[in-house]
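Have a look at the structure below before the remarks.
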Amino acid sequence: MSGLDQIDDLALPHALAVMGAFHKGAAALPEGVETLVMLGPREPGFWASFTQSPEYCDGLPDPMDRWSRRVIDRLADSLGARAFFPFAATPPHPFYTWAKATGRAWSSPVQFLVHDVAGLWLSYRGALGFANRLDLPPTPAQSPCTDCAQPCIAACPVDALTQTGYDLSTCHAYLDKLAGQDCMTGGCAVRAACPISRSYGRSPAQSAFHMRHFHK
Ligand code: B12
Ligand code: SF4
Ligand code: SF4
């Protein structure tokens, strides 16, 4: 029998953390899964840890996805769980819907998920599915956006990501320009504007890595 604290302890050496969990019913889950535990980068420190890994150093494609598979598959084996990943599944596993079911992530005014600890820098590296119902701690009563001045809404210099949606072509066009290099090296200005993001301690080098992948 695993508890969330035990899972968090096992994730710690890999600079991963439990970002939330829920029981079947809060959202649909694959057959045989009663509890889903979602894992994401533990900050500060995730980038320093990941860049020591064989996957980062071998120069082959998709190092973070390959790292996630190796580490989270092993965690799943040791806990008697099933691993799920936000990539390489067709159709994709519904991580956005699952995230909201944890009660620790909400749709922000700009639609991206906002998390109680990671803010708009939220991302998931995988999830663990358990056949039994784990005890789960209480979650925040409301989204942090309720009592926020909402700087995310006006943070994009070209209004590509606002309350009215995400205009991908405007975003990508800006990222090709000199002015867009701030987003390329420091990450999306909308995600960075969130006060919770600012307290999360994510390395700009990690944002730059994802931006290079997003805007090849
Ligand atoms: C496809 C996809 C994209 C597409 C979105 C295309 C589109 N117009 O919707 C693109 C390529 C644009 C994209 C971009 C990014 N994405 Co993305 N993406 C996904 C992915 C792989 C699949 C989503 C999906 O269709 N699922 C299938 C449906 C059936 O399931 P669902 O998720 O429950 O469906 C819900 C969502 O689609 C949601 N939704 C609807 N409209 C939109 C629009 C946006 C922008 C989002 C985020 C969600 C969303 O509503 C659905 C119902 O609830 C998910 C991972 C996953 N497996 O879910 C990540 C995911 C949503 N993305 C994520 C991230 C981190 C990013 C990037 C920030 C990556 C980066 N550069 O660092 C960028 C954003 C660029 C930026 N400015 O920084 C995170 C969430 C982060 C967050 N705070 O919201 C996820 C969960 C992946 C992860 N590893 O954690 N992404
Ligand atoms: S800036 Fe405020 S409104 Fe926007 S996602 Fe963060 S907490 Fe929510
Ligand atoms: S990456 Fe930059 S241009 Fe694209 S949505 Fe974010 S702030 Fe706007």
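Read-outs throughout are calculated quantities, based only on the coordinates presented, and are distinct from any laboratory measurement. Since the model is a prediction, treat every value here as computed from it, not as a measurement. Don't worry about glycine lacking a Cβ; one is built from the backbone with ideal geometry, like all the others, and counts go over all protein chains shown.
Structural remarks
- With each label modelled as a point 7 angstrom along the Cα→C-beta vector, the Phe87-Ser49 pair spans 1.8 nm.
- Mean-position separation - Cα centroids, the range 62-113 and the range 141-214, in angstrom: 21 Å
- Taking the Cα centre of the range 110-216 as reference, the dipole from Cβ charges on Lys and Arg (+1) and Asp and Glu (-1) amounts to some 340 debye.
- Working note: 222 nm ellipticity from helices only, DSSP H runs with n ≥ 4, each -39,500 (n - 2.57), summed and divided by the residues of the chain, gives -9000 deg cm²/dmol to the nearest 500.
- Cross-link partners for Lys24 among the lysines, with Cα-Cα distance under 17 Å and sequence neighbours closer than 8 places in the same chain left out: Lys100.
- Residues Phe214, Phe130, sorted so that the one with the fewest Cβ neighbours within 10 Å comes first: Phe214, Phe130
- Fewest neighbouring Cβ atoms within 10 Å first, the residues Arg74, Arg42, Arg82, Arg191 line up as Arg74, Arg82, Arg42, Arg191.
- P(r) of the range 12-161 over all Cα-Cα pairs, binned every 5 Å from zero, in whole percent: 2, 9, 17, 20, 20, 15, 11, 5, 2, 0
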